[in-house]
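Some notes on the structure that comes next.
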């Protein structure tokens with residue numbers, strides 16, 4: 001897990017790896033399959049949690065381009081981040097940068 | 001006749017030496033399985049050298065990823081050929097790949113420090129570019145079994161990700177080298 005450790009800059013989200021206690025707000029799931037984030041674009045409310053579940057044969061990350069979050073998405077285990085501020089966040093996989101997605105966070 | 005657009009001189013030389021470069025015939029599924037497995041093994045070999053020789057964190061993380069990813073794809077390929085009852089068949093393309101890789105490994109073993117890091121990173125870009133072209137233009141169109149074709153398609157997306165990641169690594173190393181030279185010139 002060393003290389004996938006979250007980086008600095010968690011002002012807009014709280015990232016969580018694995019199953020933690022139930023967060024406030026809704027939970028939106030994004031499935032990673034064949035190197036695609038599906039759906040590739042989601043719209044959530046402030047306080048909601050976005051959860052990635054990786055069904056690929058390799059590990060990935062969900063990494064915000066603005067540095068807001070950088071979380072590992074290991075195979076078969078959910079990883080999540082709570083959205084704390086309004087905005088449009090583009091993210092990608094650091095290991096396979098051809099994988100991209102967008103999270104729109106609204107009030 | 002199938003032709004392949006290759007990214008580098010090494011790649012052009014490699015496929016020019018294979019029976020699939022200019023011949024009308026295409027590889028069979030057992031040959032495709034062997035070529036794909038060999039290509040993954042070659043990159044694991046490069047990565048293992050990087051893990052032995054490099055002290056650069058970016059390079060080491062990339063190399064560790066290559067070992068894990070290519071092993072995962074090769075394990076999946078082995079499981080598939082077992083399920084299909086196919087025996088991978090050695091062929092001239094696999095042999096040429098292995099020979100070229102041995103030469104490159106020997107070249108890399110002569111290097112150390114930033115020179116090694118740069119050579120490894122640049123080779124990763126060139127090698128993935130070559131393999132991606134071969135998988136896209138030759139192996140996928142030639143595969144008859146749909147499950148094998150599907151695995152090759154997923155593999156191609158993974159390897160295209162590696163190529164982009166390698167390109168980012170080259171860029172990052174370039175910046176590091178420039179910063180180092182700039183600091184050194186002030187001293």
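The values are calculated or read from the model by the stated rules, or taken from the named source; none is laboratory data. The shown structure was predicted, so the numbers you read here are calculated from the model rather than taken from an experiment. Note: ideal-geometry Cβ built from the backbone for every residue, glycine included; neighbour counts use all protein chains shown.
Here are the numbers:
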read-out: Region B:165-178, subset surrounded by fewer than 19 Cβ atoms within 10 Å (Cβ to Cβ) and within 9 Å of chain A (Cβ to nearest Cβ), residue farthest from the chain's Cα centre (by Cα); value: B:168
read-out: Selection within region B:60-82 - more than 14 Å from chain A (Cβ to nearest Cβ) and free of Cβ contacts under 8 Å to residues at least 12 places away in the same chain; value: B:82
read-out: Enumeration of residues in region A:21-66 that are farther than 19 Å from residue A:105 by Cα, under 12 Å from the mean Cα position of the chain (by Cα) and more than 14 Å from chain B (Cβ to nearest Cβ); value: A:53
read-out: One residue from B:115, B:121 being part of a helix (DSSP H, G or I), more than 14 Å from every other protein chain (Cβ to nearest Cβ), buried (at least 19 other Cβ atoms within 10 Å of the Cβ) and at pLDDT 95 or above; value: B:121
read-out: Lone unmet requirement of (1) farther than 14 Å from residue B:43 by Cα; (2) assigned to a helix (DSSP H, G or I); (3) modelled with pLDDT of 95 or more for residue B:144; value: (2)
read-out: Output for region A:88-98, where each listed residue is surrounded by fewer than 24 Cβ atoms within 10 Å (Cβ to Cβ) and in contact with a strand residue (DSSP E or B) (Cβ under 7 Å, 6 or more places away or on another chain); value: A:88, A:89, A:90, A:92, A:94
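Here's the yes/no breakdown for (1) in contact with a strand residue (DSSP E or B) (Cβ under 9 Å, 6 or more places away or on another chain); (2) modelled with pLDDT under 95; (3) surrounded by fewer than 17 Cβ atoms within 10 Å (Cβ to Cβ):
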residue: B:54; (1), (2), (3): no, no, no
residue: B:64; (1), (2), (3): no, no, yes
residue: B:69; (1), (2), (3): no, no, no
residue: B:72; (1), (2), (3): yes, no, no
residue: B:77; (1), (2), (3): no, no, no
residue: B:83; (1), (2), (3): no, no, yes
residue: B:88; (1), (2), (3): no, no, no
residue: B:91; (1), (2), (3): no, no, no
residue: B:98; (1), (2), (3): no, no, yes
